[in-house]
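Working notes, beginning with the structure itself.
The values are calculated or read from the model by the stated rules, or taken from the named source; none is laboratory data. Here the structure is a predicted model, which means the values were calculated and not measured. FYI the Cβ positions are ideal-geometry reconstructions off the backbone, even for glycines, and counts take in every protein chain you see.
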Amino acid sequence: MSQATLNMSRARHSLAPWARIATLAVCALLTLGPVIWTVSTSLRTPAESFDLPPKIIPTNPTVESYRGVFDQIDVWLLALNSTLVTALIAVGQMITAGLAGYAFARLDFRFKKPLFGLVLATMMVPLQVTIVPVFLVLKSMSMTDTLLGLIIPAFPTAFGTFLMRQYFLGMPKDLGEAAMLDGASPWRTFRSVYAPLATPGLAIVGVLAFNYHWNEFFRPLILETSGQNYTLPLGLVSLQGNLGTGSISVVLAGVVLSMIPAVAVFLVGQRPLREGITSAGVNR
Amino acid sequence: MTNTEIPTVRPSRPAAAPATGPARPSARDRGTRWLATLFLAPTIVGIVVFTVVPIVGSIVLSLFHWNVIDSPNWAGAANYREVFTDSTVLVSFRNTLVFMVLAVALQLLIALVLALAVNGRMPVWLRSVFRSAFFFPLVLSAASISVVMKYLFNQDFGVVNWALGLIGIAPVPWLTSENSAMAAVILVYVWQQFGFSFLLFVGGLNNIPKEIHEAASLDGATGLRKHLNVTLPLLSPTLLVATVVGVINALQVFEQPYVLTNGGPGDSTRTVVMVIYESAFEQLRFGEASAVGVLLFVLIMAVTALQFRLSRRFVHYQ
């Protein structure tokens, strides 16, 4: 009965459910609109890209623009660079964050608190504030304009370390104590008992790293000066600059191609991605 | 290594348990310390080389004139004086603050309304469709999507002006007028970022016990009144996080203005990070760029601290 009165009062006073859902649907369309337009325009001929009203379903779908983008830029090379950089950073971050997170959560050593404080403090430091000295450090190691210069500085991850520490802290302590009573060394306790349980946490670190570094623009823009070291976002922005407005659909075809892996990760790893983004408060 | 160690480690264990404190470390303790050093080394060394040293480096560099080619010249406070007199730098700070206030306010408002709407009654599958849709722009590259948006906001053939035309609004020179360029940059940024606050709010709303809503409804609170008096105070810790992170991110905006307008027309969309980029990597004025970077860091810390101070009055923890 109380449920019925609740429903009545809700129906009387708040927006009717269908109006609320319709509004949400319009907002969802506005949100996805630019992406839908990108895909559909990339399937039109360059001459038709200007058509207004925009046709969602192209009348004569064509992959001409996709051929065009392969003619204009070395898509394979850009994709290879992006893949190398992103994959190595993701794996590297999973390793460094997994190890450091475990040490902070489960090992006893001197200066644990100040060291953890140091890690946390660096989460506050924006990349742009340190980029000039980082550039100079890399230059002194002759690592500017190399992919390694993008990869290595991205290995330590303050947030990943923090996340993995929380993750290991959440695991029952008895597991490790039982293993140690059985005579397992500290390394063995980590390797056989805790590490196998850490996969979901590591997945969050990996997916976040992928999402951020696949799309990264600022560091590649500064570090990579020769075209052969460009990553996809850098290649696309310079493609637009070179082509002007004449070949919209070609540029958009490139954008669509570069989105595919990000969308795939979105579909497969949406849950770790969402958990990571919300717990992080970092979306960069 | 592990197998051979076991016999030597085992006997020491019972002794190690009671003897806490300054007693001689057991083999296990030494093993633990050794392992900790090994585990921490990549992260700590990396953080020191690529964050701690660069912060100190930024401060030191900001006191010199340096173009990387010639040897650096002592500048004292000259770089900072220049920051406060150079009109481009000053404008970039003003632009960034204006951008921050408007973008964060818009982002939070949209996210909050949508989160409340999604939280209402609807089929589960529909809720997850909406949630995915609003979250989707976050996984795209800000640079690539700005390339797309540049076309959409084109004055003559852009879809945005076409749609505005349908409701009788004359074409807006979005990216080519000093009056509207910042608005376009804000819209593009908010379009991509609101999903982040949205996710936070959805999580926050889920944490509010259902009974509180039901009790409020029984007491006669409805609709907007209920949200203002009941939901918002309960959501205030989440609001604080969303605001703080939103502000920190907004103060670092770069991709959207760089791709959409390259800071123009004039300096109307030039942001602080764009100035850092241009003065260091286009004009080779590393000292000035570092000074601007240090000031941005100070600004971010100050604004964050201010928010936490103010939050004491507005944030209610359950």
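For B:Arg33, state whether it is of a type outside the set (Phe, Trp, Tyr), within 11 Å of chain A (Cβ to nearest Cβ) and under 27 Å from the mean Cα position of the chain (by Cα). Spelling it out, it is not the case that B:Arg33 is of a type outside the set (Phe, Trp, Tyr), within 11 Å of chain A (Cβ to nearest Cβ) and under 27 Å from the mean Cα position of the chain (by Cα).
Listed conditions (1) in a helix (DSSP H, G or I); (2) within 16 Å of A:Ala22 (Cα to Cα) are all met by B:Met122, apart from (1). All of (1) in a helix (DSSP H, G or I); (2) without any contact (Cβ under 8 Å) to a residue 24 or more places away in the chain; (3) at the interface with another protein chain (Cβ under 9 Å from one of its Cβ atoms) hold for A:Met124 with one exception: (1). Among residues of the stretch A:9-57 being within 20 Å of B:Ile110 (Cα to Cα), modelled with pLDDT under 75 and surrounded by 13 or more Cβ atoms within 10 Å (Cβ to Cβ), the one that is farthest from the other protein chains (Cβ to nearest Cβ) is A:Leu15. The set of residues in the stretch B:38-66 being more than 25 Å from the chain's Cα centre (by Cα), at the interface with chain A (Cβ under 7 Å from one of its Cβ atoms) and within 26 Å of A:Val91 (Cβ to Cβ) consists of B:Phe39, B:Leu40, B:Pro42. Checked against (1) modelled with pLDDT of 90 or more; (2) crowded, with 22+ Cβ neighbours inside 10 Å, A:Val91 passes all but condition (2).
Scanning the stretch A:136-148 for residues that are farther than 24 Å from B:Leu40 by Cβ and crowded, with 21+ Cβ neighbours inside 10 Å turns up nothing. Only one entry of A:Val75, A:Val85 meets the criterion of being closer than 30 Å to A:Ala154 by Cβ and in contact with an Asp or Glu (Cβ under 9 Å, 6 or more places away or on another chain), and that entry is A:Val85.
Any residue that is in a helix (DSSP H, G or I), within 28 Å of the chain's Cα centre (by Cα) and in contact (Cβ under 8 Å) with a residue 40 or more places away in the chain - is there at least one of those in the stretch A:55-67? Yes - at least one qualifying residue is present in the stretch A:55-67.
Annotation note: of A:Gly206, A:Gly241, the sole residue that is modelled with pLDDT under 85 and either in a helix (DSSP H, G or I) or under 20 Å from the mean Cα position of the chain (by Cα) (or both) is A:Gly241.
Applying the condition of being within 23 Å of B:Ile248 (Cα to Cα) and of a type outside the set (A, V, I, L, M) to the stretch B:265-286 and asking which residue is nearest to the other protein chains (Cβ to nearest Cβ) yields B:Tyr277.
Taking every residue in the stretch B:163-185 that is closer than 15 Å to B:Thr271 by Cα and pairing it with any residue that is at pLDDT 90 or above and among the hydroxyl-bearing types (Ser, Thr, Tyr), at least 6 positions away or on another chain, the pairs with Cβ-Cβ distances below 7 Å are B:Glu178/B:Ser268; B:Ala181/B:Thr261; B:Ala181/B:Ser268; B:Ala181/B:Thr269; B:Met182/B:Ser268; B:Met182/B:Thr269; B:Val185/B:Thr261; B:Val185/B:Thr269. Do the conditions hold for B:Val148, that is, is it under 30 Å from A:Pro233 (Cα atoms), modelled with pLDDT of 90 or more and not acidic (Asp, Glu)? So B:Val148 fits the description; yes.
Residues satisfying the criterion are present in the stretch B:180-193 (criterion: on the phi < 0 side of the Ramachandran plot and either in a loop (DSSP other than H, G, I, E, B) or not assigned by TED's automatic domain parsing to the domain that holds B:Leu235 (or both)).
Restricting B:Phe84, B:Phe134 to those that are assigned to a helix (DSSP H, G or I) and crowded, with 24+ Cβ neighbours inside 10 Å reduces the list to B:Phe134. Among the residues of the stretch B:152-173, is any facing chain A (nearest Cβ under 7 Å) and either under 26 Å from B:Thr96 (Cβ atoms) or of a type in the set (Lys, Arg) (or both)? Within the stretch B:152-173 (the criterion being facing chain A (nearest Cβ under 7 Å) and either under 26 Å from B:Thr96 (Cβ atoms) or of a type in the set (Lys, Arg) (or both)), the answer is yes, since at least one residue qualifies. Checked against the criterion of being touching a residue at least 60 places away in the same chain (Cβ under 8 Å), hydroxyl-bearing (Ser, Thr, Tyr), surrounded by fewer than 19 Cβ atoms within 10 Å (Cβ to Cβ) and more than 11 Å from chain B (Cβ to nearest Cβ), the stretch A:176-195 has no qualifying residue.
Can you find a residue in the stretch A:206-228 that is surrounded by 23 or more Cβ atoms within 10 Å (Cβ to Cβ), small (Gly, Ala, Ser), touching a helix residue (DSSP H, G or I) at 6+ places or on another chain (Cβ under 7 Å) and within 12 Å of chain B (Cβ to nearest Cβ)? Within the stretch A:206-228, none of the residues are surrounded by 23 or more Cβ atoms within 10 Å (Cβ to Cβ), small (Gly, Ala, Ser), touching a helix residue (DSSP H, G or I) at 6+ places or on another chain (Cβ under 7 Å) and within 12 Å of chain B (Cβ to nearest Cβ).
When the stretch A:240-255 is filtered for residues that are surrounded by fewer than 22 Cβ atoms within 10 Å (Cβ to Cβ) and at the interface with chain B (Cβ under 10 Å from one of its Cβ atoms), the ones remaining, listed by number, are A:Gly241, A:Thr245.
For the stretch B:259-278, a residue qualifies if it is over 13 Å from A:Leu221 (Cα atoms), out of contact with any Pro (no Cβ under 6 Å at 6 or more places or on another chain) and among the hydroxyl-bearing types (Ser, Thr, Tyr), and the qualifying residues are B:Thr261, B:Ser268. Pairing residues of the stretch B:131-150 that are more than 7 Å from chain A (Cβ to nearest Cβ) with residues that are among the acidic types (Asp, Glu) and in a helix (DSSP H, G or I), at Cβ distances under 7 Å and at least 6 apart in sequence or on separate chains, gives B:Ser146/B:Glu255. Using the structure shown, decide if B:Leu205 is buried (at least 18 other Cβ atoms within 10 Å of the Cβ), farther than 30 Å from A:Gly254 by Cβ and facing another protein chain (nearest Cβ under 8 Å). For B:Leu205, the condition - buried (at least 18 other Cβ atoms within 10 Å of the Cβ), farther than 30 Å from A:Gly254 by Cβ and facing another protein chain (nearest Cβ under 8 Å) - is not met.
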